[in-house]
Amino acid sequence: MPIAGLNSKRTYTEEQIFNGLIYAQMKAEPLSNDEGDLVVPARNKKRPHFRRIGDATFRTLIGSTETGSTHKNVVSWLKKSHQVNRVRVVTWVFEEIETSDSSKQNDHEEQVIFFSDSPTQYRWFSENECRIAFEGGNCIVPDIAGRDLTAFSPSAGHESIIVEVIQTHYPDQNTFFRLLSLSEVGYLVIFHFVAPGKSDSTFNRCKIENNI
């Protein structure tokens, strides 16, 4: 099984462990197998091998991914927009009134729930760049995720952002409950609904004005 050097991007094999020069290169950087486990070279004379020192972080993917062209285009557009503009997230707040007037039943106000001061404050990732690990080596792969580079952990005002673009199907139950658990520990989870060939919908709009 080939082993990857995480810094140099070199590929190592068990046959190279007793090569003094290559062994020194192995020792100078973290190593990983193709399952994502951290490993170290073991110079066993009878059986040189790479010994695992940590479980794979992303062994089992939870849920499925959408592959349609609309989905890919919207993910790419949203990520690019987030990287060069400040980001403000607004939700609707409905008035709690009892009325028989149907024109007033949907009265609402806008409430800002997230606002990044600078586009350089947040770094944005997409799909395989932003896997989120859970216990047992399970992971989910959000469409887009962003984190505040000025804070160690997500918190109010420094939330980590997850955007799921929904076109052909909703997240399965297991994925949804994982996202729900993240929303309770400093993550802001956003579902962006789109129809084929569209970039937004009645439920979701993304517009850019004055670099916001």
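List of remarks:
- Sole exception among (1) acidic (Asp, Glu); (2) in a loop (DSSP other than H, G, I, E, B); (3) modelled with pLDDT of 90 or more for ASP117, by number: (3)
- Matching residues, region 165-196, being in contact with a helix residue (DSSP H, G or I) (Cβ under 6 Å, 6 or more places away or on another chain) and either part of a helix (DSSP H, G or I) or free of Cβ contacts under 8 Å to residues at least 40 places away in the same chain (or both): VAL189
- Number of the condition not met by VAL40 [criteria: (1) in contact with a Leu (Cβ under 9 Å, 6 or more places away or on another chain); (2) of a type outside the set (Lys, Arg); (3) buried (at least 16 other Cβ atoms within 10 Å of the Cβ)]: (3)
- Scope region 173-196; condition at pLDDT below 90 and either small (Gly, Ala, Ser) or surrounded by fewer than 18 Cβ atoms within 10 Å (Cβ to Cβ) (or both); matching residues: PHE193, ALA195, PRO196
- Some residue of region 18-33 being over 30 Å from PRO142 (Cβ atoms), among the aliphatic types (A, V, I, L, M) and in a loop (DSSP other than H, G, I, E, B): yes
- Selection of first residues in region 1-13 that are in contact (Cβ under 8 Å) with a residue 40 or more places away in the chain and of second residues that are of a type in the set (Val, Ile, Thr), restricted to Cβ pairs under 8 Å at least 6 apart or on distinct chains, gives the following pairs, ordered by first then second residue: ILE3/THR11; ILE3/THR13; ILE3/VAL39.
- The residue that is surrounded by the fewest Cβ atoms within 10 Å (Cβ to Cβ), among those in region 43-74 that are of a type in the set (A, V, I, L, M, F, W, C) and farther than 27 Å from SER199 by Cα, is ILE53.
- Matching residues in region 119-155 - criterion: being among the aliphatic types (A, V, I, L, M) and touching a residue at least 12 places away in the same chain (Cβ under 8 Å): ILE132, ALA133, ILE140, VAL141, ILE144, ALA145, LEU149
- Residue that is nearest to CYS206 (Cα to Cα), among those in region 121-151 that are surrounded by 12 or more Cβ atoms within 10 Å (Cβ to Cβ) and at pLDDT below 80: GLU127
- Top-ranked residue in region 28-37 [being surrounded by fewer than 16 Cβ atoms within 10 Å (Cβ to Cβ) and more than 12 Å from ASN7 (Cβ to Cβ); ranked as modelled with the lowest pLDDT]: GLU35
The values are calculated or read from the model by the stated rules, or taken from the named source; none is laboratory data. Computed from a predicted structure; not experimentally measured. A quick note on method: Cβ atoms are made from the backbone with ideal geometry, for glycine too, and the neighbour counts reach across all protein chains shown.
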